[in-house]
Amino acid sequence: MDKYTSIITDEKFSSLTLNVTKYPKTLYHWEYLLNFLITKASPINKLLEPQLYKLIVSTYENILQNFPYLENYHIDYALFEYKLSHFKKMFQIFNRALLTFHNRSLLIWIEYLRICNELLWNNKVLFKRYERAEKFIGLHYFSGEFWNLYLEQIKLRCNDNNRKYIILLRKIIELPIYNFSKYFALWLQEIDTVKDLKELTKFVSKEDLKNKLKIDVDYKGRRGPYLLESKKILKKFTKELYMVVQFQSLEIYSLFESNLQTFYSTSSDQLVSVQQIDTWIKYLNFTINLNIESLIHLNFQRALISLGNYDTIWVKYAKWMVESKEDYLSAKGILYEGLKFSLKKTNILKFLYSLLIKMDELHELNEILNQISKSFNNSIENSEDFDIFWDYLQFNIFLQNSLPQSRYSGNSNKNSKSTKSKAKTILPPQILEKIRTRLENNNNNNNNNNDTRETDGDERSFDILAAILKLQTKDNTDIIEEDIFQYLIKEPTNKRYYQDSGEFWVLYCHLIFFDPARSYLEKRNKIINDILGCVNPSDKNIQSSIYFSLKTFFEFYLPEDMDILYEKFRP
């Protein structure tokens, strides 16, 4: 029996594949499956069976599809192809991995460059890749391993009397990275090897030597003692630079890096501590204040590797792109990417909606809102996440009052009066229907929980009603009253829930009192005769609660009618 057949007929394989099918977002199930396949397929070499090869490749692809930020698995996948001498495929995997991290994964760059060191004999091609890596991850706090590789290859491949090596070393010693002291030691070693004044120009330009360090490489006197003195001056300058870099590096380490415990991506079911998130936010604020753009992008990407399942960093990154760079397009891309990774999408969506409005991308906003609705089977009003529902509602109202009405007017009556048509445009029928359904759902949830007035659903119900009042105009007050407040009073399933709430009646009074189309006398008559006439509490305790709620409203707006209110609720 071949290896492939023995694997797929193994009961353990069936169990492992069943687990990844049932729990595709749980990482350890995938790890168990992959380890099982690799162990059974070992040794990995060119004799690997084609069917087994496809099975392992498919497993890697599925892992990276579900967990794109797992750096180690990108590397393992590439090295798997390397062992099979599939070099073209290996480079494709590495390049795709770098693209996934926007070229800012230190771990992937290091492994990629190690392979390049072995396979690329063209120095020009190799050093272009090192230069590209430097651009993206050269400022990484733990970039020492990258710089070691770079220095090593320059020494091996460049024959220019060490000039390129020293130029690169000079660049490195100015970076506040973790193992900064190692490169100062290398720098001082190179200074010790200098045997001629002119060699000092490899360390510092001739002009700077003369103007800043007062060293004349064309000195005409005894050059031996002068060289020794010049090297002392250069070492003194190095010591001063060392003190500055040491302070910067230790500051970063003590404030931030030492407090970070997770630098890699994790499964969504593994929680990251609040302290870790808080440390990253402070670290990013610190980085932003340094105003080094490449470092800001790098540290945001570092934060996203470990915190990609949380919306905080995605929103912060997009806000920085907007506020500091005015780069709306990149900010939009960040938010779209965040939607793929983050478990909680509310804040990302809200920012994305606002950004699309600012960019005047209203048709794209419409597409997103439609997709959100479809993701809830076109019943977003039944969503357990109130914020997603409410943001969807608000931006839909804005959208339908901004785009051409011929396209978004729905089923409104074309023969209705212009004012009523305008009112229904401001609050379209389909939006009103979703609001009413949501309000009914909150009522039903309270009834099912045998709760009275203290549930989250109750609070959200009145948040919705209060927010609707902010949309009130002289044209739509009657629509709001008829289709929302009167509907909630008359609907049998809602009658007691809303009639027994003092807050409901206060909001109803607000609607009428702030109606721009009514005179003060008309408002008073409407509130006293119609609204108070509808109040019918189910017991004395509720009657007292409603009275005290309305009492505050009357004291502010209708003090002359306090006696009428008292008579209505007199025990």
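Just so it is clear, none of the values below were taken in a lab; they were calculated from the coordinates. Keep in mind it's a predicted model, so treat the numbers as computed, not measured. Cβ sites come from the backbone with ideal geometry, for glycine too, and all protein chains shown count toward neighbours.
So here's what we get for this one:
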read-out: Centroid-to-centroid separation of the range 1-51 and the range 144-174 [C-alpha atoms, Å]; value: 44 Å
read-out: In Hz, Karplus ³J(HN,Hα) per residue of the range 266-273 (6.51, -1.76, 1.60; θ = phi - 60°; x = Gly, Pro); value: 10, 5, 5, 8, 9, 7, 9, 5
read-out: Angle between the chain longest axis and helix 311-323 axis [Cα atoms, degrees, rounded to 10]; value: 80 degrees
read-out: Test item: Cα-centred dipole of the chain, Lys/Arg +1 and Asp/Glu -1 on Cβ, debye; value: 2920 debye
read-out: Per-residue HN-Hα couplings for the range 528-543 [Karplus 6.51, -1.76, 1.60; θ = phi - 60°; Hz; x = Gly/Pro]; value: 6, 7, 8, 6, 4, x, 8, 5, 8, x, 7, 7, 5, 5, 5, 4
read-out: Helix 429-448 axis, angle to the chain major axis (alpha carbon atoms, nearest 10°); value: 90 degrees
read-out: Within straight-line cross-link reach of residue 124, lysines at Cα separation under 17 Å, skipping those fewer than 8 residues along the same chain; value: 135, 155, 164
read-out: Approximate shape of the chain as ellipsoid semi-axes (Cα gyration tensor, √5λ), whole Å, largest first; value: 66, 34, 21
read-out: Ascending count of other beta-carbon atoms within 10 Å, so fewest first, for 257, 152, 440; value: 152, 257, 440
read-out: Protection-proxy order for peptides 479-488, 294-303, 223-232, each taking the mean of Cβ atoms within 10 Å per residue, highest first; value: 294-303, 479-488, 223-232
read-out: By average C-beta atoms within 10 angstrom, highest first, the peptides 328-334, 314-320; value: 314-320, 328-334
read-out: Whichever lysines have a C-alpha closer than 20 Å to that of residue 46, once near sequence neighbours (fewer than 8 apart) are set aside; value: 3, 54, 83, 88, 89
read-out: Convex hull projection area averaged over all views, the range 467-571, Cα basis, nm²; value: 6.3 nm²
read-out: 5 angstrom amide H check on residue 327, placed H, neighbours 5+ away; value: 322
read-out: Rounded tilt (10° steps) of 71-83 against the dominant C-alpha axis of the chain; value: 50 degrees
read-out: Electrostatic dipole magnitude of the range 161-251 [Cβ: Lys, Arg +1; Asp, Glu -1; Cα centre; debye, to 20]; value: 320 debye
